[in-house]
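A.B. asks: Could you have a look at this structure, given as structure tokens, before my questions?
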Amino acid sequence: MQLDFVKRELTIKLVYYGPALSGKTTNLQALHAAADGETRGRLMSLDTKDDRTLFFDLLPLSYVDKSGLSVRLKVFTVPGQVIHGSTRRLVVQGADGVAFIADSRIGETDANAEAFVDLKDNLAAQGIALEKMPLIIQFNKRDLPEARSVDEIAEMARKGTEPVYLAVATRGEGVVESFIGLLHRTWHALDREHELGEKFGFDGDGFVGDMAKKLGNSSGLEDILRKAVAGRRKLSSTKIRVGGET
Amino acid sequence: MNDAFKSLSDLTLAERYDLDEILDQASLAEMASSFEELFGVSLRIYGTSGRLLADTRRVPTLYGFLDRHLPGRLAVQKVIDRVRRAAPQPGSPERVGCISGGTYLARALVYDGRVRGRAILGPILDPEITAPPSELLEAAHGLPATELEEHFKKLPRLAPLEVERIAQHLESTLAVLTFSGLKAHLASNLHLESVKENFRELSEQNDKLKAAHDRLKELDRLKSNFLATVSHELRTPLTSIIGYSEMLLEGIAGDINQDQREFVETIHNKGEQLLGLIKTLLDLSKLESGTMSLRKDMMSCGDLVLDVVATLAPTAKKKGVKLQARVTDGVPELYADSARLRQVLLNLTENAIKFTPAGGEVTIAAQAGFMPQGDTGGAGAVLMGAARRPAVVLSVADTGIGIGVEDRDRVFDAFYQVDSSSTREAGGTGLGLSIVKRLVEAHDGLIDIASNQPSGTVFLVTLPSKRPPQ
């Protein structure tokens, strides 16, 4: 996160992580397609070869609140292939929130787990515990025949603390919900640490809700967050505890 | 956190790039001039720092005309100053009036919500203005009126709506250029950072490997030390065993009967055998630790070969192997430790006899030769040729089972035997060749294995024929 008090400008970095070919870039492309012209910047795909990301993709999104605070979101993807470890480490550096894009296919279970351990290691290398990082998990490719069943995912997700979303990124399904879920978590984590809402008279949930509208989803923040198959309850309880502290 | 991480964070988030960092100036200048050619409008592009990035360099001829006298020059200078000071904001372009009655249009160049510079178009005259304004007439007062008219006519004329369209086109063109430039900038920087990060990772691993390597070397040294100490400690009591059994045999402690003599002889022989083995181990550890001292002197290889043949003739005869020596004329003398070289030759010959079946033959030879020079056939051969050093080549050839190419390097490893089952049959500890190799190397020589025709092995020992140090 970068905060410019003079310009009243907040820059947030979000990173889409996950195994190779799980659909990180497709998520960004779908977000870019969903966003209105004023909100979205140019989607930059850096060095791709055979449809595979070698460095990263970057989607800039911007938002100006009625309080005058301008929020700039930088959404990155990392290259998923194992050999690009150093690039992944560089891109994830300074991330404020991470969306982990998993492949729903049962055969990809190991690849998902490996990439998750890689994320944990790369965060640890920067002295960040994975548990402290705002995180959501998206199970992508729901349309493929070998996909793990929703019940099974929900069952497994209940053991974790992070919200889990389902998506078919190629059709744009679940992409905005996942993103809003991530933005919501990230905002609250940043707000808790820096008291941004108080300092700027900024309505965080209002901002996240507005972003959803700008991404073409007008069903309301609560409804969107309810799309998560698990992890929602824990998030709310965290919020309440934080409310008690301040 | 290391520097690589920090700089990438700057790279992807800070966005403090100025246009001049991102755009290639030569390409930008080219774009600007083609823009002018297409629309007939002069164009200047500035970065945020105020640096001029592109300029079509076509000044209205009117300015040159006015420059001829002071009032005109001052009037033009005033316009230029005003244009330079123009500070347009995003969404609100600034128009600066020109002495010609035309206008300069200054627009902020915005990329990703940030002002990155400004573009100035003009001067452009509204087609409705047909006659020079009074301000211009005043500035040109005293200059030829017909010329003024001519220069005034040459000024570019465009309707305001058209100008707006051109400006927008310029902005979107620049946005595309900026995007591509930024992309290339990020890609090359990230590439650099990845390389740095990879380098850091590899360096770390190298350090670890080096530490492991040093540790292994240290362990190896400890092993050699241990071997030396143990060998030494074993020798002391063994000397007593051999000595006292010898005294018993000599009858110093009184007469012994035939059975007792046989037993004591066995004790004595086995003691000697054990002592030989311990000496070998001690030699190996000395050679490994580099503490073996050589007693060098001038020596004849011919004598050495004949001596070894004489020594081993009984062994060969017993096995039914023909042992012969072949010493050619002109073999130079060596400056070497003759006892150690004798050990080398004895060992090789013993081995050869051991692995040669009855009816076969073993030949020991000494001849003059040169030290091999490695791979110097190509470049610099003329220089390297001068360094050819004379040498003595000692060879031991047998007609035995032979050694496969893949085993030829490993036979010199301590305790290695090509076929461990043959140890039982042929005997030996597997230390002999390892010591031979080290002794040869201690003499700056080389040892090599070749095939004997039609069967068997040739061990070649090449020793440089050096002079004793003066």
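A.B. asks: Out of B:Ser180, B:Ser188, B:Ser194, B:Ser172, report the one residue that is touching a His at 6+ places or on another chain (Cβ under 9 Å), in a helix (DSSP H, G or I) and of a type outside the set (A, V, I, L, M).
C.D. replies: Within the list B:Ser180, B:Ser188, B:Ser194, B:Ser172, the selection yields B:Ser194.
A.B. asks: Can I ask one more? Based on what the data block shows, is B:Thr349 in the same structural domain as B:Pro390 (by TED's automatic domain parsing), surrounded by 21 or more Cβ atoms within 10 Å (Cβ to Cβ) and not hydrophobic (A, V, I, L, M, F, W, C)?
C.D. replies: Against the criterion (in the same structural domain as B:Pro390 (by TED's automatic domain parsing), surrounded by 21 or more Cβ atoms within 10 Å (Cβ to Cβ) and not hydrophobic (A, V, I, L, M, F, W, C)), B:Thr349 qualifies.
A.B. asks: When you check A:Ser70 against the structure, is it without any contact (Cβ under 8 Å) to a residue 24 or more places away in the chain and of a type in the set (Ser, Thr, Tyr), yes or no?
C.D. replies: Numbers: without any contact (Cβ under 8 Å) to a residue 24 or more places away in the chain: no; of a type in the set (Ser, Thr, Tyr): yes.
Considered against the rule, which asks whether it is without any contact (Cβ under 8 Å) to a residue 24 or more places away in the chain and of a type in the set (Ser, Thr, Tyr), A:Ser70 comes out as no.
A.B. asks: Residue check, B:Asn198 against (1) away from every other protein chain (no Cβ under 13 Å); (2) under 25 Å from A:Val92 (Cα atoms), all met but one. Which one?
C.D. replies: (1)
One line per residue, one yes/no per condition, for (1) surrounded by 21 or more Cβ atoms within 10 Å (Cβ to Cβ); (2) of a type outside the set (Gly, Ala, Ser); (3) in the same structural domain as B:Arg51 (by TED's automatic domain parsing):
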position	(1), (2), (3)
B:Arg107	yes, yes, yes
B:Asp112	no, yes, yes
B:Ala119	yes, no, yes
B:Pro123	yes, yes, yes
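A.B. asks: Out of region A:40-55, which residues are more than 18 Å from A:Arg171 (Cα to Cα) and away from every other protein chain (no Cβ under 11 Å)?
C.D. replies: Listed by number, the residues that qualify are A:Lys49, A:Asp50, A:Arg52, A:Thr53.
A.B. asks: For region A:106-162, name all the residues that are of a type in the set (Ser, Thr, Tyr), surrounded by 12 or more Cβ atoms within 10 Å (Cβ to Cβ) and not in a helix (DSSP H, G or I).
C.D. replies: Answer for region A:106-162, where residues must be of a type in the set (Ser, Thr, Tyr), surrounded by 12 or more Cβ atoms within 10 Å (Cβ to Cβ) and not in a helix (DSSP H, G or I): just A:Thr161.
A.B. asks: Residues B:Leu222, B:Leu182: which one is at pLDDT below 90 and either in contact with a Gly (Cβ under 8 Å, 6 or more places away or on another chain) or surrounded by 11 or more Cβ atoms within 10 Å (Cβ to Cβ) (or both)?
C.D. replies: Sole residue among the options that is at pLDDT below 90 and either in contact with a Gly (Cβ under 8 Å, 6 or more places away or on another chain) or surrounded by 11 or more Cβ atoms within 10 Å (Cβ to Cβ) (or both): B:Leu182.
A.B. asks: Is it the case that some residue within region B:287-295 is among the β-branched types (Val, Ile, Thr), closer than 30 Å to B:Leu394 by Cα and surrounded by 13 or more Cβ atoms within 10 Å (Cβ to Cβ)?
C.D. replies: No - not one qualifying residue is present in region B:287-295.
A.B. asks: Something else: Any residue that is surrounded by 14 or more Cβ atoms within 10 Å (Cβ to Cβ), touching a Phe, Trp or Tyr at 6+ places or on another chain (Cβ under 9 Å) and among the aliphatic types (A, V, I, L, M) - is there at least one of those in region B:236-255?
C.D. replies: Taking every residue of region B:236-255 in turn, none turns out to be surrounded by 14 or more Cβ atoms within 10 Å (Cβ to Cβ), touching a Phe, Trp or Tyr at 6+ places or on another chain (Cβ under 9 Å) and among the aliphatic types (A, V, I, L, M).
A.B. asks: Within the group B:Glu149, B:Glu94, which residue is out of contact with any helix residue (DSSP H, G or I) (no Cβ under 9 Å at 6 or more places or on another chain), loosely packed, with under 14 Cβ neighbours inside 10 Å, touching a residue at least 12 places away in the same chain (Cβ under 8 Å) and among the acidic types (Asp, Glu)?
C.D. replies: From the options B:Glu149, B:Glu94, the qualifying one is B:Glu149.
A.B. asks: Turning to a different aspect of this structure: Would you please name the residue that is surrounded by the most Cβ atoms within 10 Å (Cβ to Cβ), looking only at residues in region B:21-48 that are of a type in the set (D, E, K, R) and in contact (Cβ under 8 Å) with a residue 12 or more places away in the chain?
C.D. replies: Once the filter is applied, the top-ranked residue is B:Arg44.
A.B. asks: Suppose the filter is away from chain B (no Cβ under 14 Å), outside any loop (DSSP other than H, G, I, E, B) and out of contact with any strand residue (DSSP E or B) (no Cβ under 6 Å at 6 or more places or on another chain); does A:Glu177 pass it?
C.D. replies: The answer is no for A:Glu177.
A.B. asks: Here's a follow-up. Looking only at region A:77-92, filter to residues that are surrounded by fewer than 24 Cβ atoms within 10 Å (Cβ to Cβ) and facing chain B (nearest Cβ under 7 Å); which one of those is farthest from A:Phe202 (Cα to Cα)?
C.D. replies: A:Ser86
A.B. asks: Could you tell me which of the residues A:Gly80, A:Gly85 is touching a Gly at 6+ places or on another chain (Cβ under 8 Å) and under 16 Å from A:Pro19 (Cβ atoms)?
C.D. replies: Within the list A:Gly80, A:Gly85, the selection yields A:Gly80.
A.B. asks: If you don't mind, there's one more thing I want to ask. Specify which of the listed residues (A:Leu69, A:Leu58, A:Leu123) is under 17 Å from the mean Cα position of the chain (by Cα) and either more than 10 Å from every other protein chain (Cβ to nearest Cβ) or of a type outside the set (A, V, I, L, M, F, W, C) (or both).
C.D. replies: Sole residue among the options that is under 17 Å from the mean Cα position of the chain (by Cα) and either more than 10 Å from every other protein chain (Cβ to nearest Cβ) or of a type outside the set (A, V, I, L, M, F, W, C) (or both): A:Leu123.
A.B. asks: Now for a different question. Considering every residue within region B:318-326, establish whether at least one is buried (at least 18 other Cβ atoms within 10 Å of the Cβ), outside any strand (DSSP E or B) and in the same structural domain as B:Leu446 (by TED's automatic domain parsing).
C.D. replies: The answer is yes; a qualifying residue exists.
The values are calculated or read from the model by the stated rules, or taken from the named source; none is laboratory data. Given the structure is predicted, the values throughout are model-derived calculations rather than measurements. No Cβ is skipped: glycine too gets one built from the backbone with ideal geometry, and neighbour counts run over all protein chains shown.
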